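K.L.:
Once you've had a glance at the structure underneath, I'll fire off some questions.
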Amino acid sequence: MRPVIVPTADVNSETCTIVRWLSADGALVRPDDLVVEVETSKAVLDVPAGGEGLLLRAAREGEEVPMGGTVAYLFPDRVSLEEFRERLEHERQQALEMAAKGATRGPRASRKARELATRHGVDLAALAKTGLITTQDVEAAIRRTAPVDPAPALSPLPAGQGVERILVLGGGLGATQVLDILGGNPARRAVAILDDNRELWGRDVGGVPVVGGRERIAGLYRDGEIDAGIVSISTSIRVRKMFRELCRDLGVPMTNAIDRTAKIGADVRLGMGNVICAFCHLGVGAVVGDNNFLSAYNSFDHHCVLGSDISTGPSCVASGCVEIGSRVRMGTGIFIEPYLKIGDDVQIASGAVILQSVPAGHTLKLRIGHTVLVPPKSS
Amino acid sequence: MIFSRALGNTLRALLERDPRVILLGEDIADPYGGAFKVTRGLSTDFPDRVRTTPVSEAAITGIAAGLALEGFRPIVEVMFCDFTTLCFDQVLNHIAKYGAMYDHQVECPVILRTPAGGGRGYGPTHSQSLEKHFLGIPHLRVVAASLYLDPLTVFSQLLSQSEPVLYVEHKLLYPLSMVDAGGDDSPELLFGLDSGECGLPTVTISAVPRRECTVTVFAYGYGAVQAANAAWDLAIEEEIFAEILVPAQIAPVDWGPLERSVAVTRSLVTVEEGTAGWGWGSEVAAQVSRRFFGSLRRPVESVASARDVIPAARHLEQQRIPGAEAIAQAIREAAR
Amino acid sequence: MPAIDRTPDLRLVGSPEEPRDERLFRRMFFLRCFEEAVLDLFSEGLLNGTTHCCIGQEADCVGIAEHLTPGDHVFSNHRCHGHYLAHTGDAAGLLAEMTGRSDGVCGGVGGSQHLCAPGFKSNGVLGGTMPAAAGIALAQQLRGTGHLSVAFIGDGTLGEGVVYETLNIASLWRLPLFVVCEDNAWSQSTPKRLNMAGGLRERFEAFGIPTREIDTTDVLEIDHTAGEEIAAVRHAGSPRALVIQTYRLCHHSKSDDNRPLAEVESRWLLDPLRVHGVRLDGQRRGEIESEVRQGIGSLVECLRRAA
């Protein structure tokens, strides 16, 4: 047996790639026959057999081999070739088996997703998904499996006789605002918080415990541990609406949280589930739907009509008789001229001064710099 | 199957089934079979129709033009992309003009094939990606070789239409295996095909479905391979999800597939190996910025080679042409 | 705008039955009158852009065209009116093209230098047409049609490298290519002595291409030589070159002529119309001239009305 070696004429390259075989496996070759084409960093070379014999290939097309390495073997007869081939095959089989034991082949997942799944005992193989499994997928799986493991040890705070026990939905910064509004009113008490982020379970916000995720709403109400719920989340209209609908479906009543500094005018009709922050003003005759989050210093003047699931930033000011649809998202510092109509699902950028009605579904962006200089009138 | 063999088989299939096909090029005949061995074996089987030529790039391109004007389908191999400058007058002032200049009385569907790109240490005049100089020539199509689309599919489409084509083959693709985008040998990445509007499709590659991706990467040639690898690593290690779009035709750009991706990701990186500026990425950035004015999350990022010659020394060459890490870093920034 | 009639006008191109002497004269005079009409229309502002007239070189165009048959191909250059008209007779299409009409040869896109008709093309980039002509010859060779491809070039074009690349391949591959080099001694404003080193015919012969060189404006001599050369290309199926020493009696394009006045005037004595015209009967020559003038005149009138 004699090896066929890639010549090392090209000192720049350490390896070369097998481009294609020019001689068949088992073919009889002579010393000057070119048996294989390899590509180095410099050129494509044809490698001569360098001896006479029956050829056995030792590398596949596309495979990288070291310069000076063996790419094939030459044998004087077929028997010795076959013996060597069998030995080679056996060794490769063993190597494959070793590799198979070492590698934990399973569903493809990102590193973070794999770690999270391990921590929460999620079986990645059970997650059917097109593409790579991500932490979002694992989190969703954790939420789906949560009802069978609802962290039962966590209970709401106790409350005295006749005190309204309020369940706060959402344990983020919105919850601190709702707790601040409810604080100091002996007739009402936030007794528990629910949040779908398991990391928060067992922690507390302002002394009120996070007792689980949304799957506990029904149980807490059924067991008589709460009287009503309120959504503290202001950043996502979609989630506000989802919680309102969930409470409606489960028969859990919603309650309002209105800061004591807010001014609610005469003949105002107010729905349920509204959060109304400090120094807000609802003018005389205003009508407000359910589940709205109005940040501080909002003013909706006389006879304004607001839908449901609205969320506003601070200092949104509407003149009289403005109509605002449901699921409207407003930024900070917005002014609206009287009698205008803002349709459902509208989004309005901070700082907008609205001079005309906005149809449903539209987004109102702000282009800065449209100022007009008016010269003084000549005398 | 490795790309150079797939391409060789494609040329063989074309010669077998279409008597109009003629191959011209320097050193393409057997036993040498071309500097990158793509045409090996063809001149033996088609001696009249596979012709090795003198070292005369302009003349062979022009001869191909004459053949094409007479109804043949010549395919010219220009040994290195660097030498396409010698064909430039033929392409610009003759081949691409004939159809429109003669009021569409004739067609001149010449196909120029050329190996491009660095990474091989061939130095300043054998490593360039000069396709940028051909982009935007009216009535010329520029098509880039890819591991993700069978060259037979591409060439069949090119022979079914009448515009001239520059087909750019990145040298580093030759020894790489074709990826069967629909097959089981690539379970990691998701492959898709947006058939687009230009007759040649755009391949989409991502680790997760498009709706979960936060950046689109528009890349071709070896850059597409690097980008696909980067997309996989970033997805696994950092949960950064990019969708790679690999257009078969890089000019004129088929905007539909790109628009459909950027509309979801709202961020774009372009990758090319030509020198930075005044090129493919600049044009794509300009067009996408116009089409998506106001809705992109951040400016379009373009990855390209330094505006300098490509040195022969490996360490210097690596500093000039975009590497995997430069592409990954651009994707990281743009995905935010 | 009424469509023009592009059927060749027999008053311009003559009929096959017409005695050869008369037909050759008629066709040269047709080219001359056409070019003069073009220059007039330019000065009237009716034509756009520029043009390169072949006044003085008509014998080359007419003498070569006599020997081409349908299936042969001509690739011409910027100075292409004469080649085009001698090949096609399509004066109406060319004038319509130059006036930018959609029924012109190339719909008004090509203009004066970029013409196309079955078996004819021209392009204004010098030298670049040579390989295309060779490619057409290769197509004819591969199809075994027995036709040939003619490339008209000038002495100035011999500065272009691609010419030599093409001559090499044409000879190597034995392509049926007939190169006609009209050496008019001046490339635009530069005399040959400032442009060309070494010999001219040697440039072809160096590639093993048989080359004839004739110094004449006599259409009969060109006709005769072209007949022999074209027959030889057809017979051998390999390239040949014909160098014709000639002279451009007009400016390069429209108004750019700084050649010595005495030189130009001395060459008017060898005006091909004069050289061949003396052979014709005076009355017959007058009739032919008058018919051609009428043909061109009615064409110009027609386009003037349309404008």
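K.L.:
Over chain B, what lengths in whole Å, largest first, do the semi-axes of the equivalent ellipsoid take, defined as the square roots of 5 times the eigenvalues of the alpha-carbon gyration tensor?
P.N.:
Working from the Cα gyration tensor, I get semi-axes of 33, 21, 20 Å.
K.L.:
With no solvent and one equal point scatterer placed on each C-alpha of the protein assembly as shown, evaluate the Debye formula and give log10 I(q)/I(0) for q = 0.04, 0.07, 0.08 Å⁻¹, two decimals.
P.N.:
Rounded to two decimals, the profile gives -0.36, -0.83, -0.94.
K.L.:
Take the solvent-accessible surface of the protein heavy atoms, probe 1.4 Å, and return the percent of it on chain C that carbon and sulfur atoms account for. Spell out each step's value before the answer.
P.N.:
On the way: 5830 of 11470 Å².
Looking at chain C in its full context, I get 51 percent from C and S.
K.L.:
Same structure, new question: Looking at region B:53-92, which residues lose a minimum of 40 Å² of accessible area between their chain alone and all protein chains in place, measuring with a 1.4 Å probe and not counting ligands or nucleic acids?
P.N.:
B:Pro54, B:Ala59, B:Ile63, B:Leu67, B:Glu70, B:Phe72
K.L.:
Compare C:Pro176, C:Pro16, C:Pro210 in a GNM of chain C, Cα atoms joined below 10 Å, and give the one with the largest fluctuation.
P.N.:
Residue with maximal mean-square fluctuation among C:Pro176, C:Pro16, C:Pro210: C:Pro16.
K.L.:
A further question follows. Going from most exposed to least, what order do B:Leu24, C:Leu269 have by accessible area with a 1.4 Å probe?
P.N.:
C:Leu269, B:Leu24
K.L.:
Right, here's the next one. Taking one equal scatterer on every alpha-carbon of region B:1-98, how large is log10 of I(q)/I(0) by Debye at q = 0.16, 0.18 1/Å?
P.N.:
Debye curve over Cα of region B:1-98, log10 I(q)/I(0) at q = 0.16, 0.18 Å⁻¹: -0.65, -0.82.
K.L.:
When you have a sec, figure out the Kirkwood radius of region A:259-299 from all distinct Cα pair distances and drop it here in Å to one decimal?
P.N.:
Values: mean 1/r = 0.1003 Å⁻¹.
10.0 Å is the Kirkwood radius here.
K.L.:
Using a simple charge model, +1 on the beta-carbon of Lys and Arg, -1 on the beta-carbon of Asp and Glu, nothing else, what dipole does region C:1-160 show about its Cα centre, in debye to the nearest 20?
P.N.:
380
K.L.:
Based solely on its DSSP helices, what 222 nm [θ] is calculated for chain C when runs of n ≥ 4 H residues each add -39,500 (n - 2.57) and the sum is averaged over all residues, nearest 500 deg cm²/dmol?
P.N.:
Rounded to the nearest 500, the figure is -14000 deg cm²/dmol.
K.L.:
Helix-derived [θ] at 222 nm for chain B: sum -39500 (n - 2.57) over DSSP H runs of at least 4, divide by residue count, nearest 500?
P.N.:
After summing the helix terms and dividing by the residues of chain B, the value is -9500 deg cm²/dmol.
K.L.:
Please give the total accessible area that chains C and B bury against each other, computed with a 1.4 Å probe and expressed in Å² to the nearest 100.
P.N.:
2500
K.L.:
Which loop GluC sites (Glu not before Pro) in region B:172-274, with loop taken from DSSP, have no more than 15 other Cβ atoms within 10 angstrom of their Cβ? List each step's numbers first, then the result.
P.N.:
Working: sites: B:Glu188, B:Glu197, B:Glu212, B:Glu237, B:Glu238, B:Glu239, B:Glu243, B:Glu259, B:Glu272, B:Glu273; in loops: B:Glu188, B:Glu197, B:Glu239.
Loop-located and lightly packed - B:Glu188, B:Glu197.
K.L.:
Please work out the FRET efficiency for the pair B:Arg307 and B:Asp45, using the Cβ-Cβ distance as r and a Förster radius of 56 Å; give the result to the nearest 0.05.
P.N.:
With R0 = 56 Å, the Cβ-Cβ based efficiency is 0.80.
K.L.:
Starting from the Cα of C:Ala232, step 7 Å along the direction of its Cβ; do the same at B:Ser289; then give the gap between the two resulting points in nm.
P.N.:
6.4
K.L.:
With all protein chains present, how much of the accessible area of region A:256-379 (probe radius 1.4 Å) comes from carbon and sulfur, to the nearest whole percent?
P.N.:
For region A:256-379, the apolar C and S fraction of the accessible surface comes to 57 percent.
K.L.:
Give the residue list of trypsin sites (Lys or Arg not before Pro) in region C:109-190 that are DSSP loop and have at most 15 other beta-carbon atoms within 10 angstrom.
P.N.:
C:Arg174
K.L.:
Another question, if that's okay. Tell me the label-point distance for the pair A:Arg238, A:Ala125, using the 7 Å Cα-to-Cβ offset, in nm and rounded to one decimal.
P.N.:
Simple spin-label model gives 3.3 nm for this pair.
K.L.:
Rounded to the nearest 100 Å², what's the accessible area chains A and B bury against each other, both chains counted, probe 1.4 Å?
P.N.:
By this definition, chains A and B bury close to 2400 Å².
K.L.:
Let me ask something else. Once the Cα gyration tensor of region A:145-273 is diagonalised, what are the square roots of 5 times its eigenvalues, in whole Å and ordered largest first, as equivalent ellipsoid semi-axes?
P.N.:
Those come to 23, 16, 15 Å.
K.L.:
Continuing with the same structure: What is region C:7-148 by shape, rounded, prolate or oblate, if you read a ≥ b ≥ c off the alpha carbon gyration tensor as root eigenvalues and call it rounded for a/c under 1.5, prolate for a/b larger than b/c, and oblate otherwise?
P.N.:
Taking the square roots of the gyration eigenvalues as a ≥ b ≥ c, region C:7-148 is oblate.
K.L.:
Treat each spin label as a single point 7 Å out from the Cα along the C-beta direction, and report the B:Asp233 to C:Ser290 distance in nm.
P.N.:
Using points 7 Å along Cα→Cβ, the separation is 9.1 nm.
K.L.:
Counting helices only, and only those DSSP H runs with n ≥ 4, report the 222 nm mean residue ellipticity of chain A as the sum of -39,500 (n - 2.57) divided by its residues, in deg cm²/dmol to the nearest 500.
P.N.:
Working: 6 runs with 76 residues, N = 379.
It lands at -6500 deg cm²/dmol.
K.L.:
Which FRET efficiency value, to the nearest 0.05, is calculated for C:Val278 and C:Glu213 with the Förster distance at 22 angstrom and r the Cβ-Cβ distance?
P.N.:
Efficiency for this residue pair is about 0.30.
K.L.:
Here's another thing I want to ask about it. May I ask what percent, to the nearest 5, of DSSP beta bridges between residues of region B:190-335 are antiparallel?
P.N.:
If we restrict to bridges inside region B:190-335, about 45 percent are antiparallel.
K.L.:
Tell me the per residue accessible area of chain A using a 1.4 Å probe; a whole number in Å² is fine.
P.N.:
Averaged over the residues of chain A, the accessible area is 53 Å².
K.L.:
Next question. Taking K and R as +1 and D and E as -1, what net charge do the other residues with C-beta under 14 Å from the C-beta of B:His139 add up to?
P.N.:
Taking every other residue near B:His139 into account, the sum is -1.
K.L.:
Anyone know which of B:Arg113, B:Arg73, B:Arg297 comes out most mobile in the 10 Å Cα GNM of chain B?
P.N.:
B:Arg297
K.L.:
Still on this structure, I have one more. What is the local net charge at B:Ala335, summed over the other residues whose Cβ is closer than 11 Å to its Cβ (Lys, Arg +1; Asp, Glu -1)?
P.N.:
Once all neighbours under 11 Å are counted, the net charge is 0.
K.L.:
To continue, here is another question. So, with a 1.4 angstrom probe, what is the percent of accessible area on chain B that is carbon and sulfur?
P.N.:
54
K.L.:
Once you have a ≥ b ≥ c as the square roots of the Cα gyration tensor eigenvalues for chain C, tell me rounded if a/c is under 1.5, and otherwise prolate or oblate according to whether a/b is larger than b/c.
P.N.:
On the way: a/c = 1.42, a/b = 1.35, b/c = 1.05.
Rounded is the answer for chain C, as its axis ratio a/c remains below 1.5.
K.L.:
Which net charge results when you count Lys and Arg as +1 and Asp and Glu as -1 among the other residues whose beta-carbon is under 12 Å from that of A:Ala296?
P.N.:
Taking every other residue near A:Ala296 into account, the sum is -2.
K.L.:
Continuing with the same structure: Can you give me the long-range amide H partners of B:Gly25? Hydrogens built in the peptide plane at 1.01 Å from N, cutoff under 5 Å, separation of 5 or more residues or another chain.
P.N.:
Residues meeting the amide H criterion: B:Arg51, B:Thr53, B:Glu77.
K.L.:
Right, next: From the P(r) of chain A, could you give the percentage of C-alpha pairs in the tail past 29 Å?
P.N.:
Percent of Cα pairs beyond 29 Å in chain A: 63.
The values are calculated or read from the model by the stated rules, or taken from the named source; none is laboratory data. As the structure is a prediction and not an experimental result, all values here were calculated from the model. Counting neighbours? That spans all protein chains shown, and the Cβs are built from the backbone with ideal geometry, glycine included. Quick note on the areas: whole protein, heavy atoms, side chains included, nothing else; ligands and nucleic acids left out. Shrake-Rupley method; radii C 1.70, N 1.55, O 1.52, S 1.80 Å.
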